[in-house]
Amino acid sequence: MGSKSLFFFFALLSFSVSLRFAFADNDEEADPGLVMNFYKDTCPQAEDIIREQVKLLYKRHKNTAFSWLRNIFHDCAVESCDASLLLDSTRRTLSEKEMDRSFGMRNFRYIETIKEAVERECPGVVSCSDILVLSARDGIVSLGGPYIPLKTGRRDGRKSRAELLEQYLPDHNESMSAVLERFSAIGIDTPGVVALLGAHSVGRTHCVKLVHRLYPEVDPALNPQHVEHMLYKCPDSIPDPKAVQYVRNDRGTPMVLDNNYYRNILDNKGLMLVDHQLAVDKRTKPYVKKMAKSQDYFFKEFSRAITILSENNPLTGTKGEIRNQCNLANKHH
């Protein structure tokens, strides 16, 4: 090969390598993934607005905080943390919100309230999936739980995953092996599962979900003193799903996310089968005992598990979209 040809060969090689790096840099710029304070340049007030809205809504409607906490689990555990949970049903697809696994979920309209407040400041910038995650973070604080620094930069999915709920979300009657397996699939280990179920420290459980432990016969594993209260609250063996019949998850501190839940389940006062299993299964019991003794340990593991959950397979960069309304995918012409 002549010297001139050799020169052109190396010049071309150098150009193609530079081009490849340039494209790689552009890709990285286009998709930094999830980062802390993703909106610092595009909408610096975003996280403050979400925090203020969560505080205002909690002041008016205390039970919104339980909803924020439940949302992050029901959205992020199902294949991707992309706000698919918030989509309404259409003629072609059923909403995740309408499935059995979503029984009792409410307050979705308040996510729209937060979205509208953010849109007034920065139209078309902040995703519903980030609003869902950050409202959960701030809701946890409202309930007396730890502040968990969470990354942002998620984008919104365009389709419901209703048909996948049973595949991903554990049922309260499933074996502990099945529960651990489902969480393990998204990177949450056994102490993380025990901590996440500590969310049952707040809120309430509808009688529909626990009457099988009371009728036709009372589950002998239940604490007899607690049974009396449960029967009083759930007097019907077939309760009306639309009736306001429920038992508070933790009668001692029902509005506080704390480690009282673990003391309750060790005392056989867990409402659902999964609560009882958590306290007796040899894989989970040591962590239950540890969390019952130390709130700091519970908060540490809870924060770690929520962080992993919030980062489950997000859409970032140019994937997905930024929805105009959280309950509707944008129209693409």
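Throughout, read-outs are computed from the coordinates displayed, never taken from laboratory work. None of these values were measured; they are calculated from a predicted model. All Cβ positions, glycine included, derive from the backbone under ideal geometry; neighbour counts span all protein chains shown.
Spin-label pair Arg158-Val125: with each label point 7 Å from Cα along the Cα-Cβ axis, the two points sit 2.5 nm from one another. Can you give the charge dipole size of the chain about its Cα centre, rounded to the nearest 20 debye, using +1 on the beta carbon of Lys and Arg and -1 on the beta carbon of Asp and Glu? Here the size comes out at about 440 debye. Hull volume per residue, based on the alpha-carbon atoms of region 158-202 and their convex hull, is 105 Å³.
If the chain linking Asp41 and Asp219 were pulled fully straight, counting 0.36 nm for each residue of separation and taking away their Cα-Cα distance, it would gain 58.4 nm. The calculated FRET efficiency for the pair Glu52 and Asp88, based on their C-beta separation and a Förster distance of 22 Å, comes to about 0.25. Aspartates and glutamates near Lys97 by alpha-carbon distance under 18 Å, same-chain residues fewer than 8 away left out - which ones? Partners found: Asp75, Glu79, Asp82, Asp88, Glu112, Asp156, Glu163, Glu166, Asp171. Within the listed set His200, His226, His74, the Gaussian network model of the chain (springs between alpha-carbon atoms below 10 Å) gives the highest mean-square fluctuation for His226.
Quote the charge dipole size of region 201-327 about the Cα centre in Debye, to the nearest 20; the model charges only the Cβ of Lys and Arg (+1) and of Asp and Glu (-1).
The dipole magnitude comes to about 340 debye.
In a Debye calculation with equal point scatterers on the alpha-carbon sites of region 167-311 and no solvent, what is log10 I(q)/I(0) at q = 0.08, 0.13, 0.21 Å⁻¹? For the requested q values the scattering log ratios are -0.21, -0.56, -1.34. For Arg204, the residues whose modelled amide H falls within less than 5 Å of its own, excluding neighbours fewer than 5 places apart on the same chain, are Asn249.
With both labels modelled 7 Å from their Cα along Cα-to-Cβ, the Glu166 to His229 distance reads 3.4 nm.
Show me 175-187, 82-94 ranked by packing, highest mean number of other Cβ atoms within 10 Å first.
The most tightly packed comes first, giving 82-94, 175-187.
Relative to the longest principal axis of the Cα atoms of the chain, the long axis of helix 46-60 lies at roughly 20 degrees. When the Cα positions of Gly320, Leu69, Tyr262 are compared along the charge dipole of the chain, Tyr262 comes out farthest toward the positive end, with charges on each C-beta of Lys, Arg, Asp and Glu. Averaged over residues, the count of other Cβ atoms within 10 Å places the peptides 228-234, 156-162 in the sequence 156-162, 228-234, highest first. Note that the chain shows a convex hull volume over its alpha carbon atoms of 186 Å³ per residue. Based on alpha carbons, the Rg and Dmax found for region 45-165 are 13.7, 41 Å. Each residue of region 98-105 was assigned a 3J(HN,Hα) from its phi angle through the Karplus curve 6.51 cos²θ - 1.76 cosθ + 1.60 (θ = phi - 60°); the sequence is 9, 7, 4, 5, 9, 3, x, 6 Hz, with glycine and proline shown as x. For Gln325 and Ser184, the FRET efficiency from 1/(1 + (r/R0)^6), where r spans their Cβ atoms and R0 equals 51 Å, is about 0.90. Highest-first packing order for the peptide set 257-264, 146-153 is 257-264, 146-153, based on the mean count of other beta carbon atoms within 10 Å.
Here Lys293 is the anchor, and the lysines within straight C-alpha reach of less than 21 Å, apart from those fewer than 8 places off in the same chain, are Lys269, Lys282, Lys285.
Under the 0.36 nm per residue contour assumption, what length would be gained going from the current alpha-carbon distance of Asp267 and Asp296 to full extension?
Value of the extension gain: 8.4 nm.
Positive-end ranking of Leu210, Phe108, Cys43 along the dipole of the chain, with charges on Cβ about the Cα centre, is headed by Leu210. In the chain, the longest principal axis of the Cα atoms and the axis of helix 108-121 are about 30 degrees apart.
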